[in-house]
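For reference, the structure discussed in these notes is given below.
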Amino acid sequence: MAQLSPLLKQATPVVVDHGEGVYLYDVDGKRHLDFTAGIGVTSTGHCHPRVVEAAREQVGKLIHGQYTTVMHKPLLELTEKLGDVLPPGLDSLFFSNSGSEAVEAALRLSRQATGRPNIIVFQGGFHGRTVAAATMTTSGTRFSAGFSPLMAGVHVAPFPYAFHYGWDEETATKFALRELDYLFATVSSPAETAAFFVEPILGEGGYVPANTAFLRGLRERADRHGIVLVLDEVQAGFGRTGKFWGHDHFDVRPDVVLIAKGLASGFPLSGIAASQELMSKAWPGSQGGTYGGNAVSCAAAIATLDVIRDEGLVENAAERGRQLLEGARLIAGKTTGIGDVRGLGLLVGSEFVTADGEPDTAAAAAAQKAAGERGLLLLTCGAYSNVVRMIPPLIVTAEQIDEALKIWADAV
Ligand code: PMP
């Protein structure tokens, strides 16, 4: 008899039988309030009827069209539909399966388009698990330890993580931009820098929002030096933060956005969007893959976009996000163990610290476990895994937020 490799590390002991809306039901019939949403994927809830119907219909028509051999209707329709929501000017799309593959695609695009070797990423960023994406990931050594050497040409600048530095946001931002300029002067000259890869809100790195001054600082340097500004919207996109794109909070114009997770309600699908001008500088045929732009995933994504629009999920994420953030802050105010509660929309993190202000990994793990035992599924994040994060499906109701907060208060 075969068994699963111990390589796989699971955050909860739950074995799921089925999911419906914001709930997961395990094989013993217990109901769990799912505030993980498959790491920010099932934004329309588990098995939304319209997504299920669209996928079911597509399965009977065509499952695998193979987009480097033949084109198919769902991919063309999805491309057209994404035009309604993509940032202005980013009207050229390339599809793949996972967030990591989208990162790889943007990496190749920016190197091919600029002819430059180096990539600058920002401390605490998570971009994926392939060797290139893991090299670009600085949210924890657990994602890259043990298989070095990693890819050459990746350099790291600070992210304005004010709470970590113990500074205000303005000081942290000035520091981050000054260090970026220092990196230009000492390690990776602008003329050798192809791209910046940045998350509008650090996800795996601890749910730390960027800010307008920081992202504008990147935009200004990108313009000055011909560097490609890549916004990794894999976790923050598709309404998660209470605006359609995470970077919509910060009034910044990206050159490339990376999309995945919330795009297809759980079907594997990712992509990159850029202008036709930039995309035309990539070398045709240098990217592809057997499964990219799968027909069933595309049909599910089309239905997902319809549900997001028809059910007002972006607005719901903003309103329910406010409720969740306020509630989590009230709970933190009644304990000494939570040093900071922050987030955007339905992406909320509580950072656990000791009395000395040091990261408290054990307390975060205990709170996450206690919540799980009480029927609220949560994950941790951050370099020290000391941030407990809440990312419910965007369909979550006010009552379900209250239910979760009650359990969270008890668990804390
Ligand atoms: N970028 C970000 C911002 C992510 O949050 C993730 C996944 N957590 C990825 C990239 C990688 O996506 P995947 O796991 O689908 O490769």
Per-selection Rg to Rh, the chain - Cα, Kirkwood hydrodynamic radius: 0.95
Using a 7 Å offset from the Cα along the Cα-to-Cβ direction at both Leu4 and Ser189, what is the distance between the two label points in nm, to one decimal? 5.1 nm
Modelled label-to-label distance, Arg216 and Val52, 7 Å Cα→beta-carbon offset: nm? 4.8 nm
Accessible surface ranking that places the most exposed of Arg219, Arg116 first, with a 1.4 angstrom probe: Arg116, Arg219
Rounded to the nearest 0.05, FRET efficiency between Val16 and Ser275 (Cβ-Cβ, R0 60 Å) equals 0.90
So for R0 = 22 Å, FRET eff. of Ala362-Arg142 from the Cβ-Cβ r, to 0.05, ends up at 0.85
Based on alpha-carbon centroids, what's the gap between the range 355-412 and the range 163-213 in Å, whole number please? 27 Å
Which whole-Hz couplings ³J(HN,Hα) result when phi for each residue of the range 8-14 is put into the Karplus expression 6.51 cos²θ - 1.76 cosθ + 1.60, θ = phi - 60°, listed in order with x for Gly and Pro? 7, 10, 10, 6, 9, x, 6
Gain upon complete extension [Thr69, His225; 0.36 nm per residue less C-alpha separation]: 52.4 nm
Rounded if a/c under 1.5, otherwise prolate or oblate - the range 1-132, Cα gyration tensor axes: oblate
Over 25 Å, how big is the tail of the calculated P(r) for the range 193-296, in percent of all Cα pairs? 24 percent
Please work out how much length the chain gains when fully extended from Ala398 to Arg374, using 0.36 nm per residue of separation minus the C-alpha to C-alpha distance, in nm with one decimal. 6.7 nm
Largest-first ellipsoid semi-axes for the range 255-362, taking √(5λ) over the Cα gyration tensor eigenvalues, angstrom: 38, 20, 13
Pseudo-spin-label distance Thr290 to Leu62, built 7 Å along Cα→Cβ, given in nm, is 2.0 nm
Which order do you get for Phe250, Phe163 if you rank them by accessible area with a 1.4 Å probe, largest at the top? Phe163, Phe250
Would you mind checking the pairs Lys334/Lys369; Lys30/Lys334; Lys73/Lys261; Lys9/Lys261 and listing those with alpha carbons more than 24 angstrom apart? Lys30/Lys334
With all protein chains present, calculate the accessible area of Asp91 using a 1.4 Å probe and round the result to the nearest 10 Å². 100 Å²
Nearest 0.05, what FRET efficiency do Val131 and Glu326 give at R0 = 45 Å with Cβ-Cβ as r? 0.60
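The values are calculated or read from the model by the stated rules, or taken from the named source; none is laboratory data. The shown structure was predicted, so the numbers you read here are calculated from the model rather than taken from an experiment. Don't worry about glycine lacking a Cβ; one is built from the backbone with ideal geometry, like all the others, and counts go over all protein chains shown. Remember, those area values only see protein heavy atoms, side chains included, never the ligands or the DNA or RNA. Shrake-Rupley method; radii C 1.70, N 1.55, O 1.52, S 1.80 Å.
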